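Contents: one structure, followed by commentary.
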2 protein chains.
Amino acid sequence: MSKEIEEGLNLSLDYTKLKKVAQCPEDVIPAIAQCADTGEVLIVGYVNKLALETAVKEGMATFWSTSRNELWIKGKTSGDYLEIKDILVNCEQNSIIYKVSLKGKGSCHTKDKSGKPRYGCYYRRLKLSDGKIKGLEFLNGVE
Amino acid sequence: MSKEIEEGLNLSLDYTKLKKVAQCPEDVIPAIAQCADTGEVLIVGYVNKLALETAVKEGMATFWSTSRNELWIKGKTSGDYLEIKDILVNCEQNSIIYKVSLKGKGSCHTKDKSGKPRYGCYYRRLKLSDGKIKGLEFLNGVE
């Protein structure tokens, strides 16, 4: 993933993402990891049946990596895992929320200017003016 | 959508959802509507470029209905709309969060036992025991 996409202030949404996800041989649905304490949405991934069952068994947020087509127990090796507090299901039963507690330094693979992994993946907002999108800005305002 | 799926206590996740979404002619990414005050995740939908630009222009959470293949300005006709407070973007720029304020009665199309539209779509949790899934239960415990 390019530095510009992850750290830049130009909006460049990859609208082809879901078509790529759907090319994965496994059937998956969106899984949102949300901090149980603060309500912050940390990361959105995808789960198949095995990933959900593994999450329940291990007590850690688990996804199906649709790019590598393999099970992804988040943070299992690094220690930066997301301990599951609760798992919610929507009305139509086609998405889930992992309510989690972050064990470790951060849940995003990117790092802030000080070199610390970011707590979650949603660290930028759209900059809006006169009903139009003018780019991105960092939520904390300083980066 | 069947009553059993929406109101029942049996887990019956539709893992084929994302493949269905991807059959839509439009390129879309996940869009999470989250209550700006409580942090509650209300609904997950999908957006294309037009839906996001419309959301910004109208100031209301807007999705692309992948089943009807049309623009869906949530609550525009009913008045139960989601006023946009902020729009966040993730590291890889392939999903967004609408931080919203609910104007109206509820954001879910289902109704609780009293006939009131539910505030959000995630009103049930997985019931877990010994690392296994035992079904669903209502978050408020009473339904």
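When the stretch B:1-89 is described by a simple charge dipole with +1 on each Lys and Arg Cβ and -1 on each Asp and Glu Cβ, the residue from B:Leu50, B:Cys35, B:Leu88 located farthest towards its positive end is B:Leu50.
Cβ-to-Cβ counts within 10 Å put B:Trp72, A:Trp64 in ascending order as B:Trp72, A:Trp64, the fewest first.
Among the listed pairs A:Lys20/B:Lys116; A:Lys105/B:Lys74; B:Lys19/B:Lys76; A:Lys19/B:Lys113, those with a Cα-Cα distance over 32 Å are A:Lys20/B:Lys116; A:Lys105/B:Lys74; A:Lys19/B:Lys113. Per the Kirkwood treatment, what hydrodynamic radius in Å, one decimal, follows for the stretch A:17-102 from the mean inverse distance over all distinct Cα pairs? Value: 12.8 Å, from the Cα pair sum.
About the centre of its Cα atoms, chain A shows a dipole size close to 300 debye [charges on the beta carbon of Lys, Arg (+1) and Asp, Glu (-1) only; nearest 20 debye]. Classification of the stretch A:1-40 by its C-alpha gyration tensor yields an oblate form. The axis ratio a/c (a ≥ b ≥ c) is 1.5 or more, and b/c is at least a/b. Neighbour counts of other Cβ atoms within 10 Å put B:Glu137, B:Glu26, B:Glu40 in the fewest-to-most order B:Glu137, B:Glu40, B:Glu26.
For a modelled paramagnetic label at A:Ser129, 7 Å from Cα along Cα-to-Cβ, the residues of the stretch A:1-36 in reach, with backbone nitrogen under 18 Å, are A:9-12. If every alpha-carbon in the stretch B:46-143 counts as one equal scatterer, what log10 I(q)/I(0) does Debye give at q = 0.19, 0.24, 0.25 1/Å? Values, matching the q order: -0.99, -1.19, -1.24. Normalise the Debye intensity by I(0) for the protein assembly as shown, one equal point scatterer per Cα, no solvent, then take log10 at q = 0.10, 0.14 Å⁻¹ and round to two decimals. Debye curve over Cα of the protein assembly as shown, log10 I(q)/I(0) at q = 0.10, 0.14 Å⁻¹: -0.50, -1.04.
Taking 7 Å steps out from each Cα toward its Cβ at B:Lys49 and B:Ser101 produces label points 3.2 nm apart. Remark: relative contact order (the stretch B:104-143) = 29 percent; criterion is Cα-Cα distance under 8 angstrom and separation of 6 or more residues. Of A:Ile5, B:Ile84, the sequence from fewest to most neighbouring Cβ atoms within 10 angstrom is A:Ile5, B:Ile84. Site-free segments of chain A were taken between trypsin sites (Lys or Arg not before Pro) in DSSP loops having at most 15 other Cβ atoms within 10 Å, sites themselves excluded; the longest one is A:1-67.
The aspartates and glutamates within cross-link reach of B:Lys111, meaning a Cα-to-Cα straight distance under 17 Å and a gap of 8 or more places when in the same chain, are A:Glu92, B:Glu4, B:Glu6, B:Glu7, B:Asp80, B:Glu137, B:Glu143. Placing R0 at 25 angstrom, the Cβ-Cβ distance between B:Lys111 and A:Asp86 gives a FRET efficiency of 0.60 after rounding to 0.05.
Bridgeable aspartates and glutamates around A:Lys134 (alpha carbons under 15 Å apart, same-chain partners fewer than 8 residues away excluded): B:Glu53, B:Asp86.
Considering only alpha-carbon pairs that sit under 8 angstrom and 6 or more positions apart, the relative contact order computed for chain A is 20 percent.
Read-outs: derived from the displayed coordinates by stated rules, not from any lab. From a predicted model like this one, the values you see are computed outputs, not experimental measurements. Methodologically, a virtual Cβ is constructed for each residue, glycine included, from the backbone with ideal geometry; neighbour enumeration extends over all protein chains shown.
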